[in-house]
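Novice: Questions regarding the structure given below will be posed in turn.
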Amino acid sequence: MLSLLLLAVGAAAQPAVEVHIVAHTHDDVGWLKTVDEYYAGQNNSIQHAYVHLILDTVVRCLAENPNRTFTYVEQAFFQRWWRQQDAARQAQVKRMVQSGQLEFTNGGWCMHDEAAPHYIDMIDQTTLGHKFLMEEFGVSPRTGWQLDPFGHSSTQAALLSAEVGFQGLFFGRIDYQDLDLRRKTKSAEFVWRASKSLGPQAQVFSGLTGEYNGNYGPPTGFDWDVFNSDETIQDDPSLQDYNVKSRVDDFVQAAMTEANMTRGKNIMMTMGSDFQFEDAFTWFYNLDKLIQHVNADGRVHVFYSTPARYVEAKKAEKLTWPLKEDDFFPYADGPHKFWTGYFTSRPALKRYIRDTSAFYQVAKQVSALAGAGADGLEKLAEAMGVAQHHDAVSGTAKQHVTFDYAQRLSRGRAAAMETVPKALQKLTHSNEASFTQCELRNVSLCAATQDVGKKTNRSCFSVWNGLGREREELVELPVSTNLLRVVDADGKAVPVQLVDSLPSVTNYGAPAGGASKTLLAQLPLPALGAGSFCLESSEVAVPSSMRENSTDCEVLENDYLSLEFCSGLLSKITNKESNISTRAEQSFFWYNASVGDKASDQASGAYIFRPTRDQALPVFNGLPFLKVYRGPLADEDAMAATSSFQKMKARMELVHWVDVFHNTEPERAPSKIGCCLTMLMVPVILVYAVVWFTEHQRMPPTETLVIDWSVAYGPFPMKVQCLEASCWLWLSGCQSGSSGQCLALQAGEERELEMCFSHGAREGLHAWWSGGNSSGVKIWSQAASMEMNQLVEAGRSSMTYVKTLDLTQEEGSYKHLRHEWFANFLSREALEPQHNGCQEHRAGAQLAQIVMQPEFYDKKLEKMDFLVSLIGEVGGAYGLAFTAFFALYVLVWNLETSQRKLEAEVPTHVAPGKLAEHDVERAVL
C-alpha cells in the first residue's frame with residue numbers, strides 16, 4: 001500500500017505541460033525602411049529597428065548562460081553581421097551553433113512571400129541562405145518558419161518544407177474563421193499533406209505560433225522588449241511590488257490555455273516579435289527568472305528550446321494529428337479584411353522581379369556551361385533574395401523602400417553583365433568585342449538595333465534558349481528603318497515582319513522616345529544554348545503588317561489555337577489539335593476601392609482588396625472597335641474603345657449662339673426661357689473670369705521637387721569652415737578635386753569642397769580638430785552669403801544636399817541659386833577611415849565623419865505660366881459649369897413642359913396598335 005501511495009504521489013507531481021521557450025526576432029528585409037536602414041538602425045523616425053544591435057546583444061547574452069537559446073531566420077542580415085566580426089567572435093558563434101544554443105530556422109535570405117513569387121525564386125533564395133550556413137557552420141535548417149507571410153501555399157509545405165528536409169513548418173497567419181475552429185477543436189497543430197501526387201512522401205508536421213491567435217509574439221503580458229511596458233518579474237521580497245506569485249499564475253494560465261488548443265503535453269511559446277531583442281539583456285534577464293520561478297511552482301515545466309527541439313518532442317509523443325491537404329489562401333484576419341490586394345500591388349516591381357528572375361536563370365546556365373561558375377552573380381543572387389521578401393515582391397513596402405528594391409536588382413543585373421557576356425562569348429565563339437543587353441526593349445528602346453541602317457550597317461546578337469529542347473521564338477527588335485534583314489550564323493536569312501510599336505511611355509506616362517517600328521524575327525534556337533544572328537541593312541524592304549477591313553467576326557489563329565472575335569470582343573476559342581471549342585466572353589471592368597463604411601472601417605489598399613460593392617464597373621460602355629493587321633509571321637487584333645462620355649461630348653456642338661439648351665435636344669425649338677437662362681450665365685462667367693485673373697496675379701510661386709536616389713550624380717559644392725584653432729580635412733571615396741589630400745584650416749578659415757555619395761561605411765569627409773568644443777567645423781553653402789549653416793559635432797553625421805533654383809529672384813543673387821546642406825547626427829562614434837590621411841594630426845584630436853545620403857533634392861520655384869494656369873482653371877470650371885448647365889436644363893425642360901400642357905387645346909390621339917413616328921424612334925432607342 002505504501003509503494004502504491006508513493007507511486008500515485010509521484011505521478012501527480014509531474015508537470016501537466018512542457019513549455020518550450022523559443023526566443024526569436026522577426027526582421028523584415030525591408031518594409032517601412034530599407035534593408036540597410038533596418039540593419040544600421042537608421043531613419044528611426046519611421047520605425048525603431050536596429051538589427052546589428054539585435055545580433056550583437058543576443059550573442060553576448062548566449063555567451064553568459066549556456067542554457068539560453070535563440071532562433072534566427074534572415075540570412076540577408078546575419079551574413080552582413082557575420083562578415084563584420086573578428087575571428088574570436090566568429091569562433092564563439094560557431095560553438096553556439098554546434099551546441100544548439102543558436103539555431104537557424106528557415107535559413108533563407110529572407111522570409112519569402114508565398115503568393116507573388118515564382119517557385120524558382122523561392123528555391124533560389126532558400127538555397128542562397130542554406131549555402132551560406134553550410135559553408136560557414138556545416139549545418140542545414142531543420143524547420144520552416146514562415147511567421148508573417150499573408151497566407152500560405154501548398155508549394156511552401158510540399159516543395160519548400162517537406163522536400164527540403166524540414167521536420168516541421170510553423171507560421172502565424174491563417175483565416176480568422178479557420179483559426180477559431182482550430183482553437184476549439186485542438187487542431188492548432190496538424191500534418192500538412194500538400195502534394196496530391198506525392199501524398200505522405202511530402203507531408204510535414206505544421207503548427208501555428210504565438211498564442212494560436214494569428215500572431216507570432218509572446219503570450220499577452222509577457223512582452224519584455226525594451227520598448228514595451230509589460231510587467232517584469234520582481235523577485236526580491238525586500239523591495240516593493242514583489243510579484244512572483246502573480247506572474248507565475250499568469251504564465252501557468254497562459255500555458256494551460258494554449259495547451260488546450262493542441263494535442264500532447266508539449267507546447268511552444270514564441271518569445272519575441274518584429275525587430276525585438278535589440279536589448280537582449282532585458283529579455284533574457286526576465287526569461288531566466290520566469291523559468292526559475294515557474295519550475296519551482298511545479299504546475300508546468302518551462303525551459304529554453306528551439307523549433308527543431310520542439311518538433312522532436314512532439315514526434316516522441318507519437319500522437320495522431322489532424323490532416324490538412326489544401327492551402328491557406330486567401331487569408332483574412334477579420335470580416336471584410338481579405339488580404340488579396342497585394343496579389344496585384346506594385347505590378348511594375350512584380351514584373352521587374354520576374355524579368356530579372358528570367359535573366360538570373362539564364363545567367364546561371366550560361367556561366368555554368370562556360371565553366372565560369374557563379375562568380376560575378378553573387379550581387380544579383382542577393383538582390384533577388386531580398387526581392388522575394390514578403391513585403392518586397394508583394395508590393396506592400398513604402399515607396400522609398402520599393403525604389404531600393406528596384407535599385408538593388410538593377411545593380412545586380414549590372415554586376416552580372418560583367419561576367420555573363422564573357423561566358424556567352426566563349427560559348428558562341430563570337431568575335432564581337434562584347435555583348436550588351438537592351439534593358440529598355442520593353443519600351444521599344446535598343447540603340448544596338450535602332451542604329452542599324454542609320455549609324456551602322458550591321459549589329460549581331462545572341463538569343464539564349466533555357467529550355468532542354470529546340471524551339472522557334474518570335475523575337476521583337478526596335479528598328480529605325482524598313483530596309484533590313486536578319487541572318488543566322490551561316491548567313492541564311494530568317495523570316496521577318498515589320499509592325500507598329502506599342503506606345504513607348506515611361507512609368508510616369510511621359511513619352512520614352514522608343515522606335516515607332518518593331519521588327520519581328522522568327523529565330524530557330526538550339527536546346528539549352530544560344531542562337532547567333534545579325535541584323536543587317538538591306539536593299540529590300542521588310543514585309544509589313546497590312547490592316548484589313550474588319551467584319552462582324554474575325555479569326556486569329558496559328559497551328560494550335562484559333563481565336564474568334566465578334567463585335568470587337570473574344571467570343572470563341574478552339575484547340576485545333578483536339579478540335580475542341582469553347583465559348584468565351586470578354587469584358588473590361590474595374591472595382592471602386594472602399595474607404596470604409598458602416599459594416600467596417602477597413603479600407604482597400606496595398607494589402608487588402610475591398611471594393612465598395614460586389615459588382616464590378618465597366619471600363620467603357622458599348623463595344624470596342626477592332627483593328628485587324630495581317631502579316632507573313634503574325635496577325636494582330638487591336639481593340640480601341642471610346643468612352644461614352646467622350647462620345648456624348650463630341651455630340652454636344654454649339655449650333656445656336658444664344659439658346660445653348662436647345663442643342664441638347666435638337667427636335668426642340670429655341671425658346672425664350674432658354675435664351676433668358678443663357679443670357680443669365682454670361683455675366684456669371686465674366687465675374688468668374690475677373691476673380692480668377694485677380695487671384696492668379698496674387699498666386700505664390702509653384703514648387704517642383706525632384707528627389708533622385710542615384711549615386712552617379714555629383715560632385716556637389718560644400719563649404720567647410722574651421723571653428724577651432726586648427727582643423728584638418730580628408731575627403732575619400734569621391735572622384736573630385738578635393739579628394740585624397742589633407743587640407744589644413746586655421747580658425748575662421750573656409751574651404752570649398754566637392755562632395756559626393758560615399759559607397760563605403762568608412763568613406764566620406766573626415767574632419768579632425770584640436771580643442772574641447774564638441775563642434776569643430778561648420779558647413780556653409782556655396783554662395784557667399786547664406787541664411788543657414790550647420791554645426792557638425794564629433795561623431796558620425798549624414799548630410800542631405802538640396803539645390804534650389806528660384807526663378808522669381810534676381811539672377812546672380814544667392815537666393816536665385818542656392819546649394820544647401822542639412823545635417824543629421826547619427827551617432828557619437830565616427831568610423832575611422834581606412835586610409836592614413838592626416839595621420840600626424842589624429843592623436844588627441846576630435847573626429848567627425850560626414851557621409852552624404854544617397855539621395856539629393858532638386859527644387860525649382862517659378863511663377864505658374866499664365867496659359868497653363870488658364871487651362872487648369874478652365875478644366876476645373878468646366879465641372880462646375882456642366883453641373884450648373886444640367887440643373888438649368890432640367891429647369892428649362894420642366895418649365896417648357898408645363899407651358900405646353902397649358903397651351904394644349906386638343907390632346908393628340910393615336911389609333912390602337914399604332915405608334916406615332918417620334919414614339920417609334922424613342923422605342924428603338
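Novice: Taking segment 458-514 as the region of interest, how many residues are β-branched (Val, Ile, Thr), in contact (Cβ under 8 Å) with a residue 60 or more places away in the chain and buried (at least 17 other Cβ atoms within 10 Å of the Cβ)?
Specialist: Final tally of qualifying residues: 2.
Novice: Return the only residue of 622, 605, 596 being modelled with pLDDT under 90, in a loop (DSSP other than H, G, I, E, B) and surrounded by 11 or more Cβ atoms within 10 Å (Cβ to Cβ).
Specialist: 622
Novice: Go through segment 21-46 residue by residue and tally those that are open to solvent by 10 Å² or more (accessible area, probe 1.4 Å), touching a strand residue (DSSP E or B) at 6+ places or on another chain (Cβ under 9 Å) and either in a loop (DSSP other than H, G, I, E, B) or within 24 Å of residue 294 (Cα to Cα) (or both).
Specialist: Just the residues of segment 21-46 that are open to solvent by 10 Å² or more (accessible area, probe 1.4 Å), to begin with: 31-32, 34, 36-37, 39-46.
Pick out the ones that are also touching a strand residue (DSSP E or B) at 6+ places or on another chain (Cβ under 9 Å) and you get 31, 40-42.
Still in the running and either in a loop (DSSP other than H, G, I, E, B) or within 24 Å of residue 294 (Cα to Cα) (or both): 31, 41-42.
Selection size over segment 21-46: 3.
Novice: Additional query: Across segment 47-74, what is the number of residues that are assigned to a loop (DSSP other than H, G, I, E, B) and more than 20 Å from the chain's Cα centre (by Cα)?
Specialist: Of the residues in that region, 8 qualify.
Novice: State the number of residues belonging to segment 502-528 that are in contact with an Asp or Glu (Cβ under 9 Å, 6 or more places away or on another chain) and within 15 Å of residue 467 (Cα to Cα).
Specialist: Number satisfying all stated conditions: 5.
Novice: So, one more: Does residue 514 satisfy the criteria of being at pLDDT below 95, out of contact with any Gly (no Cβ under 9 Å at 6 or more places or on another chain), outside any strand (DSSP E or B) and closer than 30 Å to residue 365 by Cβ?
Specialist: Yes.
Novice: Can you tell me which residue within segment 831-852, out of those that are without any contact (Cβ under 8 Å) to a residue 24 or more places away in the chain and assigned to a loop (DSSP other than H, G, I, E, B), is surrounded by the fewest Cβ atoms within 10 Å (Cβ to Cβ)?
Specialist: It comes out as 843.
Novice: I've got another one for you. Name the residues in segment 52-85 that are among the charged types (D, E, K, R), closer than 18 Å to residue 225 by Cβ and either surrounded by fewer than 20 Cβ atoms within 10 Å (Cβ to Cβ) or without any contact (Cβ under 8 Å) to a residue 24 or more places away in the chain (or both), would you?
Specialist: 56, 60 - these are the residues of segment 52-85 that are among the charged types (D, E, K, R), closer than 18 Å to residue 225 by Cβ and either surrounded by fewer than 20 Cβ atoms within 10 Å (Cβ to Cβ) or without any contact (Cβ under 8 Å) to a residue 24 or more places away in the chain (or both).
Novice: Would a scan of segment 379-396 turn up a residue that is surrounded by fewer than 21 Cβ atoms within 10 Å (Cβ to Cβ) and of a type in the set (S, T, N, Q)?
Specialist: Checked against the condition, which is being surrounded by fewer than 21 Cβ atoms within 10 Å (Cβ to Cβ) and of a type in the set (S, T, N, Q), segment 379-396 yields no hits at all.
Novice: Of the residues 358, 374, which is touching a Ser or Thr at 6+ places or on another chain (Cβ under 7 Å) and open to solvent by 40 Å² or more (accessible area, probe 1.4 Å)? I'd like the intermediate steps shown before the answer.
Specialist: Working: 358 fails: touching a Ser or Thr at 6+ places or on another chain (Cβ under 7 Å).
Within the list 358, 374, the selection yields 374.
Novice: Out of the residues in segment 787-827 that are among the charged types (D, E, K, R) and more than 37 Å from the chain's Cα centre (by Cα), state the one that is nearest to residue 773 (Cα to Cα).
Specialist: Top of the filtered list is 787.
Novice: Checking residue 210 against (1) at pLDDT 95 or above; (2) open to solvent by less than 20 Å² (accessible area, probe 1.4 Å); (3) under 30 Å from residue 115 (Cβ atoms), which single condition isn't satisfied?
Specialist: Just one mismatch for residue 210, condition (1).
Novice: Out of 261, 268, I need the residue that is in a loop (DSSP other than H, G, I, E, B), under 39 Å from the mean Cα position of the chain (by Cα) and surrounded by 14 or more Cβ atoms within 10 Å (Cβ to Cβ). Which one?
Specialist: Exactly one residue qualifies, and that residue is 261.
Novice: Among the numbered conditions (1) out of contact with any Ser or Thr (no Cβ under 9 Å at 6 or more places or on another chain); (2) open to solvent by 60 Å² or more (accessible area, probe 1.4 Å), tell me where residue 580 comes up short.
Specialist: So the condition that residue 580 fails would be (1).
Novice: Out of curiosity, is residue 250 without any contact (Cβ under 8 Å) to a residue 40 or more places away in the chain and either open to solvent by 10 Å² or more (accessible area, probe 1.4 Å) or under 27 Å from residue 206 (Cα atoms) (or both)?
Specialist: Numbers: without any contact (Cβ under 8 Å) to a residue 40 or more places away in the chain: yes; either open to solvent by 10 Å² or more (accessible area, probe 1.4 Å) or under 27 Å from residue 206 (Cα atoms) (or both): yes.
Taking the combined requirement at face value, the residue satisfies it.
Novice: Then there's this: May I ask you to list the residues in segment 338-351 that are open to solvent by 60 Å² or more (accessible area, probe 1.4 Å) and in a loop (DSSP other than H, G, I, E, B)?
Specialist: 344, 346
Novice: Considering only segment 122-137, I want to know if a residue exists there that is touching a residue at least 12 places away in the same chain (Cβ under 8 Å) and part of a loop (DSSP other than H, G, I, E, B).
Specialist: no
Novice: Which residue pairs have Cβ atoms closer than 7 Å, lie 6 or more positions apart in sequence or on different chains, and pair a first residue in segment 520-543 that is under 20 Å from residue 450 (Cβ atoms) with a second residue that is of a type in the set (Asp, Glu)?
Specialist: Qualifying pairs under 7 Å: 520/476; 523/472; 523/473; 533/488.
Novice: Of everything in segment 790-830, what is outside any strand (DSSP E or B) and among the β-branched types (Val, Ile, Thr)? Give them in sequence order.
Specialist: Within segment 790-830, 808 is the sole residue that qualifies.
Novice: Do we find a residue being acidic (Asp, Glu) and closer than 26 Å to residue 465 by Cα anywhere in segment 538-556?
Specialist: no
Novice: If you don't mind, there's one more thing I want to ask. Please enumerate the residues belonging to segment 236-245 that are within 20 Å of residue 283 (Cβ to Cβ), surrounded by 13 or more Cβ atoms within 10 Å (Cβ to Cβ) and of a type outside the set (Val, Ile, Thr).
Specialist: Correct list: 243 only.
Novice: Please go through segment 134-150 and pick out each residue that is under 22 Å from the mean Cα position of the chain (by Cα) and surrounded by fewer than 24 Cβ atoms within 10 Å (Cβ to Cβ).
Specialist: Taking segment 134-150 as the starting set, the residues that turn out to be under 22 Å from the mean Cα position of the chain (by Cα) are 145-150.
Within segment 134-150, 148 is the sole residue that qualifies.
Novice: May I ask you to list the residues in segment 733-768 that are assigned to a strand (DSSP E or B), more than 17 Å from residue 795 (Cα to Cα) and not acidic (Asp, Glu)? Before the answer, list the steps.
Specialist: Of segment 733-768, the ones assigned to a strand (DSSP E or B) are 739, 742-746, 750-755, 764-768.
Checking which are more than 17 Å from residue 795 (Cα to Cα) leaves us with 739, 742-746, 750-755.
Of everything in segment 733-768, those that are assigned to a strand (DSSP E or B), more than 17 Å from residue 795 (Cα to Cα) and not acidic (Asp, Glu) turn out to be 739, 742, 743, 744, 745, 746, 751, 753, 755.
Novice: Now for a separate question. Go through segment 151-168 and count every residue that is open to solvent by less than 50 Å² (accessible area, probe 1.4 Å) and part of a helix (DSSP H, G or I). Can you show your working first?
Specialist: Taking segment 151-168 and keeping what is open to solvent by less than 50 Å² (accessible area, probe 1.4 Å), we get 151-154, 156-158, 160-162, 165-166, 168.
Going one step further and asking which of them are part of a helix (DSSP H, G or I), we end up with 154, 156-158, 160-162.
Of the residues in segment 151-168, 7 are open to solvent by less than 50 Å² (accessible area, probe 1.4 Å) and part of a helix (DSSP H, G or I).
Novice: Look at residue 320 and say whether it is over 19 Å from the mean Cα position of the chain (by Cα), closer than 30 Å to residue 18 by Cα and assigned to a loop (DSSP other than H, G, I, E, B).
Specialist: yes
The values are calculated or read from the model by the stated rules, or taken from the named source; none is laboratory data. Computed from a predicted model, the values in this text were never measured in an experiment. Neighbour counts run over all protein chains shown; Cβ positions are idealised from the backbone, glycine included. Note: accessible area is taken over every heavy atom of the protein model, side chains too, but ligands, DNA and RNA are not part of it. Shrake-Rupley method; radii C 1.70, N 1.55, O 1.52, S 1.80 Å.
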